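Some notes on the structure that comes next.
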Amino acid sequence: MIVTRKALNRRTLLKGIGVALGLPFLDAMTPAFAASTPAEQPVRLAWFYLPNGIDMRNWTPAEEGPLGALPDILSPLNGLKDDITVISNLTANWGRPLLVGAGDHGRALAAYMTGVEVYRTAGADLKLTTSADQLAAAAIGHLTKLPSLEIGLEEARQAGNCDNGYSCAYCYNVSWKTPTQPLPPISDPRNLFERLFGDDIVEAPAAHAKRLAMRQSILDHALDSTHRLEATLGGTDRRKMDEYLTSVREIEQGVERAEKSGMVIDPGIEKPFGVPHEFPDYFRLMTDMMVVAFKADITRISTIMVGREGSTRPYPEIGIADGHHPLTHHMGNMQMLEKVHQINILHAKLFAEFLTKLKNTKEGDSNLLDQSLIVYGSGLSDGNVHAHDQLPTVLAGRGGKYISPGRHIIYQRETPVANLFASMIERVGVRPEHVGDSTGTLAGLSLS
Amino acid sequence: MRLTLLLLASGSILQAAVVPGSFDKDVQPILRDTCSGCHNAKVLSGGLDLTPYMEASSVLAKRDGWEAIVAKLKAGEMPPDGIPRPPAEKMDALLKFVQTQFDTADKNAKIDPGRVTAHRLNRVEYSNTIRDLLGVDFRATEEFPADDSGYGFDNIGDVLTVSPTLMQKYLSVAEKIAARAVGGDPLPKPGFFSNKEHVRHLSGSCIELTEIVEYDADYIVHVNLLGHRGAQSKPVTLVISVDGKPYKTVTVPVQISDVNKQGGATQRGVEEVKLFLPSNQHVFRAEFVNDEELEKIPAAGRTNVNQNIFPDTIELAGPFPPSEPHPVQKKLLVCDPASGPACVDRILTALIHHAYRRPVTKLDVDGPTHIFNQAKAAGYTPAQSLQFAIATVLVDPQFLFRLERDPKAGTSAPITDVELASRLSYFLWSSMPDDELLKLGETNQLHLAAVLDAQVKRMLADTKSSAFAENFSGQWLETRSLDAVKRDAKKFPQWNNELKEAMRTETNMFFAAVMRENRPISDFIDGKYTFLNELLAKHYGIEGVKGDEFRRVELTTDQRSGVFTQGSVLTVSAYPTRTSVVLRGKYLLENVLNAPPPPPPPDVPALNEAAVGVATSLRQQMETHRADALCASCHAKMDPLGFSLENYDAIGKWRTEDGKFKVDASGKFPNGKSFDGPAEMKGMLKDNMPEFTKCVAEKMLTYALGRGVESFDRLTVQDLVRQTTQHDYKMQSLILGIVHSAPFEQRRGEAKPTVAKPTQEVAHK
């Protein structure tokens, strides 16, 4: 498939992804992929991670069972009530201080999708386990161009130490490919675009095939070179080489798949450029690309960090000049808590927009939202006291006629959030013995 | 008297000598009677249970814990207020006994150099290495995902990984960089390519466009002017600049032509400049300068084509073949690759030698040569085939990683001179060794003390050492966080990008001056000079600095001296809307004393920082907070430091009032010493130079090695502090001390390859 300029009306696109952002990126991109609907209707998995917890007073529906009018923070999702499940009482136990003391933000994120102890280190010996999304990617990632996609909405990094002896790697990465290898999210729109669609110049199909063959040879050389090298290295260094090798192999498989699909992007397409100034535009642009990635079956698994854990982003777009993290430590100050409330609503609005786009994207007799399971949640509930239980969790989508949404389900206190993730990856055929500290899957998600 | 047998990690058995005093008489009673009431298994104050410290053997067996205890006692932080203190002579006896035990053990200890994990080039190192290897201006920070950091720095081998996302980038940029270096791909047909909607109107007479250009080529910057002014108006001067550098200055008539006047058409003008641009993001600006008449035109009329002339839009056209050959291509292409295998071999051998930063073998050249031949066979031109061969080198792990050979398991040995060359160049230049350094490495001369010293001096004098100033100080002093700083536009209307960049420049230049002029590191605390431009000088209230250029300025008042009163540091240690004594106190503890405070306990009693300056003064709030014993012991140390900087607002502007309250920048430390204002606080920091030296030494050692400082580095750090102190705290004596230290010059072999644990959670099918 060649994504041509014709499909992507250049004028429209310029408007869509430039500074103006008059038309969403998605509308411009969709026609280009109209023909790329996969033969089957795969299930997609996604996780939206919210930093710093939630104003829980305005999150939890009062009643269990069918969803009535949603509490204030979730109210932007009112129109999607039949597509979401609100899940209460899940816990991320390993985020808790237990015997090691503070560092709740680093732990909250690092433990969220891994469900294991976050080994306290400033860097020498990072240790977690493979995160739930990566368990799925390891099993089904080979079916798509990209096994998984990691996105982040916080561009700049904080210098210095991150969180009380926990390496910054724990505060910035929700996806972990191995116990020691985080997958840093892509936060630059152009880089995300190029990750999805490549950044090749356009050549005739034969010339492009020739280039891909060269690329294959270059990667083969990299593999050979590494193997020769490994014999001379110590154990830890060899582990580094293994990470490198794994990545080379993954790219090699990507090149192979590209050879088969012949997908090339037209140079006339203007790539997204720079990080939009306003957070809502940034959120929309990045999640639009996520929709395209799902639609075109470039990947079926994605995580997106709405902010790094402990994010200090202010939201001047809605009149909030203070940083998010300091606000969540409101110590009962109602003015501060109200601002947290407003930030939570803004995020939910943007999430609702994203879900609506998925819902409006048809796939056979279904739509992308119905085909997805998307978590919207945090590893902290009350950010003020760093509570790691009763986590705010919304599960959107039906996972392909699997979930019966439109309900509020209250589980027993202390049910591991990993049980939810185990249920999700089971839906794509991945059945590990456990996901971190999961004790099973969640009963009752499906009414059947 | 008892003899303590201690089994060290290295396997050697040491005997602690008999020392005066005894544990049972001098130490144990104080622990038992004074300390263990809080520090026991149940209460666990500060996370410390002293039970395992009640044995004499613990002094060496639990050395790290004891070091921490000694530090607290020496600083007078423990026992806290409210707990009766043992008489001074008893405390002294305890400290003396423990210290003597330490010293005796250290005298016999062999330094363990530790080991540095294979180190992937981080983004800055990658860019600099590409620049020095191929002369290509490539900005990895715009292309690669951010590097994770550890120990406060982003060059830690253990934390730097290669994700598939990064690998894909490595592959695609390798091809592009190679193409830029060789120039073997034909340029596409030139044309207008920029997006008019990206043009920003900064003012009535200044517009700006940020665009990426895709090729190293010539481009035309095309500026459209619109409108005209009255008949009496004088011509204006238009300046077209790229990335802040003016390329064309031209006088533009502002009156309407007769033809347009008669035809009723809008006056349009065009100015162009053609210039070479490397493939990168660039900022193009068109601006009328010294335009005095603009003031006379009412704001509403400034975009009216019948009242004013203004730059309307910028367009870019290209790429055109460069008018002059790329200087790099001359250096790389010493012969014509089309002339045959001998030339290709010559080019690749030289390139790989530098790219792998070590002597080159035939095997090294074989792989890329094979790729060259394969490409040629596939029909690519020799130049294009060479590009594929170069791309092969750029994705090879020997280019992407700094690799060192391991000595035999469990033993330590000096690294090779070639490896030393790379350690040195990535420490001081964040880049590959140059020819001189590499040659000294390959001829085994670099480790010689005199040679090494001369090289360090040479490297520091080289402009490339600015990388050290920027990367080390940017992370030690956290000025890199300026990237993420956002300020409330209502409270701080003067906050903008220019001010932010000026602050960053000031601190970088200050650090570079201390480094190159070999000033004492105490200058970081109170050096009475700095580097300012007009904007920043005005921000500081300093007169007589005119223009955008930064220049050295002597500081004459108590308001500013040293980095902790520079705008950059004061800004990154504040919140978006206000200052925070806790943040600043924590900042100073971490970066001046390398003693990060323990984190607050859960369920902290309310501290309402938001109400500060409105309902109560900050000091009242903090004192209420500190009345709680749970918080007191940490805040007693942290807050005074923070209060000392209260005369600076959240963007580092001097103030004497915060809201409706007068700023009180006095404080008292747990050891009883008190101060009033930043100058006195700095004086106290300076009284404790060994502590500060230790902090800087530990941070710099971390950065130099690319690994965390471990407890076995204690002796190295002690040596560094001693040497630096002997040399009047001169910055270069610290740098030289690090370069000559065992961890920098040696390496320990890893005991056993750690077998990667299979991820037990995965159970496919």
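Over chain B, calculate the relative contact order: mean separation of alpha carbon pairs under 8 Å at least 6 apart, over the residue count, as a percent. 13 percent. Would you please classify the overall shape of region A:309-422 from the alpha carbon gyration tensor, given that a ≥ b ≥ c denote the square roots of the eigenvalues, rounded means a/c under 1.5, and beyond that prolate means a/b larger than b/c while oblate covers the rest? Judged from the Cα gyration tensor, region A:309-422 comes out oblate (a/c at least 1.5, b/c at or above a/b). Per the Debye formula on identical point scatterers at the alpha carbon atoms of region B:191-320, with no solvent, log10 I(q)/I(0) at q = 0.10, 0.18, 0.22 Å⁻¹ is -0.32, -0.94, -1.26.
According to the Cα gyration tensor, what semi-axes, each the square root of 5 times an eigenvalue, does the equivalent ellipsoid of region A:188-237 have, listed from largest to smallest in whole Å? Show your work: numbers first, answer last.
Numbers: eigenvalues 191, 69, 5 Å².
So the equivalent ellipsoid measures 31, 19, 5 Å along its semi-axes.
Which residues in region A:216-235 have a backbone N closer than 16 Å to a point placed 7 Å from the Cα of B:HIS370 along the Cα-to-Cβ line? Of the residues in region A:216-235, A:216-230 have backbone N under 16 Å from the label point off B:HIS370. Each semi-axis of the equivalent ellipsoid for region B:555-600 is √(5λ) with λ an eigenvalue of the Cα gyration tensor; in descending order they amount to 21, 14, 7 Å. Measuring between their Cα centroids, region B:653-684 and region B:207-246 lie 50 Å from each other.
Each part reduced to its alpha carbon centroid, region A:311-335 and region B:332-409 end up 53 Å apart. For region B:538-567, the list of trypsin sites (Lys or Arg not before Pro) that fall in a loop by DSSP and count at most 16 other C-beta atoms within 10 angstrom reads B:LYS546. For region B:66-213, dividing the convex hull volume of the Cα atoms by the residue count gives 286 Å³ per residue.
Tell me the net charge near A:GLN371. Cut-off is 13 Å between Cβ atoms, A:GLN371 excluded, with +1 for each Lys or Arg and -1 for each Asp or Glu. Net local charge, A:GLN371 excluded: +2.
Ranked for footprinting exposure by Cβ neighbours inside 10 Å, fewest first, B:ARG139, B:ARG180, A:ARG57 give A:ARG57, B:ARG139, B:ARG180.
Here each label is just a point 7 Å from Cα along the line to Cβ, and for B:ASP453 and B:LYS686 those points are 2.9 nm apart. The ratio of the alpha-carbon radius of gyration of region A:203-265 to the globular-protein estimate 2.2 N^0.38 Å is 1.36. Considering only A:VAL375, B:THR303, B:VAL70, the residue lying farthest towards the positive end of the dipole of the protein assembly as shown is A:VAL375, judged by Cα position with unit charges set on Cβ. The ranking of B:CYS38, A:CYS171, B:CYS634 by Cβ neighbour count inside 10 Å, starting from the fewest, reads B:CYS38, B:CYS634, A:CYS171.
Here the residues B:MET503, A:MET334, B:MET459, ranked from fewest to most Cβ neighbours within 10 Å of their Cβ, fall in the order A:MET334, B:MET459, B:MET503.
Among A:LEU183, A:GLY95, A:PRO66, whose Cα projects farthest towards the positive end of the dipole of the protein assembly as shown, with charges put on the beta-carbon of Lys, Arg (+1) and Asp, Glu (-1)? It is A:LEU183. Put a plus charge on the Cβ of each Lys and Arg, a minus charge on the Cβ of each Asp and Glu, and nothing anywhere else: the dipole of region B:496-589 about its Cα centre is then about 300 debye.
Normalised by 2.2 N^0.38 Å, where N is the number of residues, the alpha-carbon radius of gyration of region A:223-345 equals 1.61. Placing a pseudo-label 7 Å from each Cα along the Cα-to-Cβ vector at B:LYS189 and B:LYS330 gives an inter-label distance of 3.4 nm. Rg over Rh for chain B works out to 1.03, using Cα positions for both radii and the Kirkwood form for Rh.
How big is the gap, in Å, between the Cα center of region B:138-203 and the Cα center of region B:697-735? Using only Cα atoms, the two centres lie 35 Å from each other.
Compared with the dominant Cα axis of chain B, that is its longest principal axis, helix B:123-134 is turned about 50°.
By the scheme Lys and Arg +1, Asp and Glu -1, what is the net charge of all other residues having a beta-carbon under 14 Å from that of B:PHE102? Result for the local shell: +2.
If I take R0 = 56 Å and measure r between the Cβ atoms of B:GLU295 and A:GLU338 in this structure, what FRET efficiency does the formula 1/(1 + (r/R0)^6) give, to the nearest 0.05?
Working: r = 44 Å, r/R0 = 0.79.
Given R0 = 56 Å and the Cβ-Cβ separation, E is 0.80.
The gain in end-to-end length when the B:THR266 to B:ARG655 segment is fully stretched comes to 134.9 nm, 0.36 nm per residue minus the alpha carbon separation.
Only lysines eight or more places from A:LYS339 in sequence, or on another chain, were considered; those with a Cα closer than 22 Å are A:LYS349, B:LYS486, B:LYS490, B:LYS491. Dividing the radius of gyration of the alpha carbons in the protein assembly as shown by their Kirkwood radius gives 0.96 for Rg/Rh.
Let me spell out the model: positive unit charges on the Cβ of Lys and Arg, negative unit charges on the Cβ of Asp and Glu, origin at the Cα centre of region B:115-271. What dipole size does that give, in debye rounded to 20? Spell out each step's value before the answer.
Values: 17 positive and 20 negative charges, 140 e Å.
Result for region B:115-271 is approximately 680 debye, rounded to the nearest 20.
Between A:GLU203 and B:ALA71, the distance separating the two model label sites (each 7 Å from Cα on the Cα→Cβ line) works out to 5.7 nm. For a modelled paramagnetic label at B:ASP24, 7 Å from Cα along Cα-to-Cβ, the residues of region B:38-65 in reach, with backbone nitrogen under 14 Å, are B:55-57.
Relative to the longest principal axis of the Cα atoms of chain B, helix B:341-355 runs at roughly 40 degrees.
In the frame of its principal axes, chain A has Cα extents of 65, 55, 47 Å, reported largest first. Seen from B:GLU745, the other residues with C-beta closer than 15 Å to its C-beta sum to a net charge of 0, counting Lys and Arg as +1 and Asp and Glu as -1. Normalised by the number of residues in chain A, the mean separation of alpha-carbon contacts (under 8 Å, six or more apart) gives a relative contact order of 32 percent.
Think of each Lys and Arg Cβ as +1 and each Asp and Glu Cβ as -1; about the Cα centre, that makes the dipole of region A:203-265 roughly 100 debye. For the options A:GLY160, A:GLY254, A:GLY65, a Gaussian network treatment of chain A with springs between C-alpha atoms closer than 10 Å singles out A:GLY160 as fluctuating the most.
Bear in mind that the values in this text are calculations on the coordinates, not laboratory data. Bear in mind that the values here come from a model prediction, so they are computed numbers and not experimental data. Heads up, the Cβs are rebuilt from the backbone with ideal geometry, glycines too, and the neighbour counts pull from every protein chain shown.
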